[in-house]
Structure formats: C-alpha cells, structure tokens
Amino acid sequence: MLATVLASLSFIVKPVLPLIGYVSSSSSFPKPLSQEEEEHYLMLYEQGDEEAKNVLVERNLRLVAHIVKKYHNTGREIDDLISIGTIGLIKAITTFDRCKGTRLATYAARCIDNEILMTIRACKKTKSEVSLHDPIGVDKEGNELSLIDIMGTEPDEVLDEVDLKIQVKKLYAKMNKVLKDREKTIIQLRYGLINGGCKTQREIAKMLGISRSYVSRIEKRAIKKLNKALM
C-alpha cells in the first residue's frame with residue numbers, strides 16, 4: 001500500500017503540478033479538444049513535446065470533474081478527488097496508444113476511475129491488511145494490477161515494478177533532505193505515509209492547530225520543493 005501511495009505522489013511532483021493546482025481552485029474548465037486537435041497534440045507528445053502533454057491534461061479536466069461527481073459520498077473533499085483524478089488522467093496520457101483506435105477520453109475515464117478507487121482503498125487499509133489481491137497500480141491498458149498479477153509475469157514487467165520501488169525510495173530520501181519538519185509531516189499525513197491513512201487538509205489543520213488554507217499553502221510549497229529536487 002505504501003508503494004501505491006508514494007507512486008501516486010511521485011506523479012504529482014512533475015512539471016504538470018501547476019495544472020493540478022489550477023483544477024483544484026477553478027470552477028471553470030477549458031473547452032475539450034476536437035478529435036483533430038487531440039490527434040495533433042498526441043502526435044506532438046509522442047515526439048517528446050511536454051507542452052503538448054500539458055495541453056492534453058488541461059483540455060481534459062472537464063472529464064475529471066465529471067467523473068469525481070460519483071465519489072462525492074466517499075468522505076473525501078472535492079479538491080482531493082479532483083487532484084487524484086488528475087493524476088489518473090496524467091497516467092492515461094502517458095500510457096495511451098492511439099494506434100489502437102480508442103479515443104483518449106474513453107481510455108482516460110477508466111484510468112481516472114482506477115486512480116480514485118485505488119487511492120480510496122489504499123487510504124483505508126493498514127499494512128497488515130494488504131493481500132496478494134490488493135490493487136497496486138494499472139497496466140498499459142488502464143486495468144488494475146495486483147501483487148498476484150505481478151508474480152510470474154514477463155521479465156520486463158517485473159523490472160518495471162523494481163524500478164518503481166527504486167523511485168519510491170529516492171522520493172522518500174528527497175523528502176527527508178529538502179522538506180522542513182512541518183512540510184514533511186503534512187505530506188506524510190496527506191498521502192498516507194503515516195499509519196497508512198490519508199488525511200484531508202481540513203483534518204490536518206485541526207490536528208496541527210492551523211487553518212486549512214495554511215495547510216494548503218504548505219503542501220503546495222512542499223510539492224514544489226520535491227518537484228525541483230527530482231528534476
């Protein structure tokens with residue numbers, strides 16, 4: 001479970017961080033791309049254009065907002081759900097194969113759902129509850145992967161899992177190096193790195209005796225530090 005949460009956190013500390021901040025604080029979203037525009041930006045991204053990736057994320061934020069509506073009764077705050085859903089969208093764009101003839105929105109919807117469900121489940125579990133059937137990520141088709149799926153899989157896929165563990169270890173090391181105590185505490189509480197339970201900004205504010213907006217500012221500052229350290 002810890003690897004799942006940290007893996008999700010690692011997707012946040014990327015150059016697309018400003019988009020997550022945008023979607024969490026804005027009530028209006030950019031107009032979706034036409035099919036021709038989508039193909040254009042997908043081709044640019046395949047050629048290594050990171051700005052094209054940002055456009056694809058930004059212009060699909062309406063999809064994230066639409067999907068998170070069905071999770072409003074899970075006890076998670078809407079900005080949390082949108083941030084988690086945006087991570088799923090980013091993963092979808094990163095792994096999307098347009099040669100298969102599927103529209104990005106169709107593929108992304110499944111990835112967004114999976115990301116939200118995995119995070120909700122991960123934050124409810126403790127380390128002692130983890131089993132071989134617990135979801136630990138998604139494959140290149142956007143389907144959930146469990147530990148039992150990884151066991152006995154192809155060597156390349158096993159290497160991907162090993163690489164993930166290495167990246168998780170590096171992320172933890174950077175946290176210890178670049179974050180102040182309060183920043184580290186808030187990141188750990190927000191992403192379930194303490195006792196396996198994710199906390200909302202409101203819950204953390206109550207625990208630390210500070211305002212929710214102050215928690216939000218500290219969290220964003222900490223993520224920016226991690227982003228810079230990992231570049």
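Going by how many other Cβ atoms sit within 10 Å of their own, how do T106, T74 line up, fewest first?
Listed from fewest to most nearby Cβ atoms, that is T106, T74.
Can you list residues whose amide H is under 5 Å from K199's amide H, if they're 5+ apart or on another chain and H is modeled 1.01 Å from N?
Here R190, Y191, G192 satisfy the definition.
Going by average Cβ density within 10 Å per residue, which order do the peptides 97-104, 204-211 take, highest to lowest?
Descending packing order for the listed peptides: 204-211, 97-104.
Take the cross-link list K69/K206; K31/K220; K31/K70; K91/K220; K91/K177 and give me the ones stretching past 24 Å between alpha-carbons.
Violating the 24 Å Cα-Cα cut-off are K69/K206; K31/K220; K91/K177.
Compare the peptides 80-91, 53-64, 213-224 by average per-residue count of other Cβ atoms within 10 angstrom and give them in order, highest first.
The packing order, highest mean first, is 80-91, 53-64, 213-224.
The numbers here are math on the coordinates, done by the rules we state, and not lab data. As the structure is a prediction and not an experimental result, all values here were calculated from the model. No Cβ is skipped: glycine too gets one built from the backbone with ideal geometry, and neighbour counts run over all protein chains shown.
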